[in-house]
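Scroll down for the structure; my scribbles are underneath it.
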Amino acid sequence: MIITLKKAGLTDGEARVYLAVTELGESSVGKIVEKSKVTKSIIYQILEKLTDKGLISFFYKEKTKHFQAESPTNLLEFLEQQKNTIDETEKEVKEIIPKLLMQRATAKHSIVTVYEGFKGLMTAYTKRFEVLKEGEEYINWGLPATQPKHHHIYWERDHKERVKRKIKAKLLYNHNVPDETLKGRNSFKYIDARRMPLDVEAPSWIMVYKDIVVMAIPQGIHPITIEIHNPEIANSFTKYFEWFWKKSKSFK
């Protein structure tokens, strides 16, 4: 019966106390505690809740509070009240769902994706073409002074695709990058490639477009690329780039 009463909405303690009062008939708190095996510290709280639910009642006998069970049919009335409460709650939930959906849509979420190897780096970098439109721009800094030959082959194809889509780019290479590299990058349209204003070798390459930050960590046999979708993080990296960009000089 305890399982059924719990399904009806009573807690385990409430079910035990209700059954104890039903079996005992008119009873004092002490006997109810003994019968139900519920601790005395919470018995009054449970008895009060059962009284509020209309399942038991109390009276005083020789100045001592006694409890008795009401008709078991009150359980059906209790269930009916629960149904009404559920129906009302369902209506209220339906009313706030559109607002919750709107809040969820406008909330700032962070999505982090990790790529491994140079192919992973290419995948992360190429994805900007799916997001950026003609005339829009991405920024990139911390680019290494030298790269393996197969990297240059990829970047050649990448910039041809960028020019085809008329996407702009601002690039900041490490301070000791050869003039030949900068000359090659600036030979493409819609690009401005420069040296970092400080002679500091960055530990990673960082690209930002829209609300996306891509960090490539080339060290080791298997380079790692981390892609973060978050407008606040993208904005903070953009401001960091702008500080360097203002202090950099155009390549001539």
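Restricting the search to segment 1-10, which residues are assigned to a loop (DSSP other than H, G, I, E, B) and surrounded by 13 or more Cβ atoms within 10 Å (Cβ to Cβ)?
Result: 8, 9, 10.
Just to be sure, is residue 153 touching a strand residue (DSSP E or B) at 6+ places or on another chain (Cβ under 8 Å) and among the β-branched types (Val, Ile, Thr)?
no
Looking only at segment 126-156, filter to residues that are touching a helix residue (DSSP H, G or I) at 6+ places or on another chain (Cβ under 7 Å) and under 13 Å from residue 215 (Cα atoms); which one of those is surrounded by the fewest Cβ atoms within 10 Å (Cβ to Cβ)?
Selected residue: 139.
Looking at segment 131-138, is at least one residue closer than 26 Å to residue 222 by Cβ, in a strand (DSSP E or B) and modelled with pLDDT of 95 or more?
Yes, there is a match, as at least one residue in segment 131-138 is closer than 26 Å to residue 222 by Cβ, in a strand (DSSP E or B) and modelled with pLDDT of 95 or more.
Condition first: of a type in the set (Ser, Thr, Tyr) and either within 11 Å of residue 28 (Cα to Cα) or touching a strand residue (DSSP E or B) at 6+ places or on another chain (Cβ under 7 Å) (or both). Now tell me which residues in segment 51-89 satisfy that.
Result: 51, 57, 60, 64.
So, of the residues in segment 11-63 that are part of a helix (DSSP H, G or I) and polar (S, T, N, Q), which turns out to be surrounded by the most Cβ atoms within 10 Å (Cβ to Cβ)?
36
Take the residues of segment 157-176 that are assigned to a loop (DSSP other than H, G, I, E, B) and within 36 Å of the chain's Cα centre (by Cα): which is surrounded by the fewest Cβ atoms within 10 Å (Cβ to Cβ)?
166
Working carefully through the options 194, 185, find the one that is buried (at least 16 other Cβ atoms within 10 Å of the Cβ), in contact (Cβ under 8 Å) with a residue 40 or more places away in the chain and more than 36 Å from the chain's Cα centre (by Cα).
Just a single option satisfies the conditions, and that option is 194.
State which residue is surrounded by the fewest Cβ atoms within 10 Å (Cβ to Cβ) when the search covers only segment 200-216 and only residues that are part of a loop (DSSP other than H, G, I, E, B) and among the small types (Gly, Ala, Ser).
202
The values are calculated or read from the model by the stated rules, or taken from the named source; none is laboratory data. The structure displayed is predicted, hence computed values, not measured ones. Quick reminder, even Gly has a Cβ in these numbers, built from the backbone with ideal geometry, and neighbours come from all protein chains shown.
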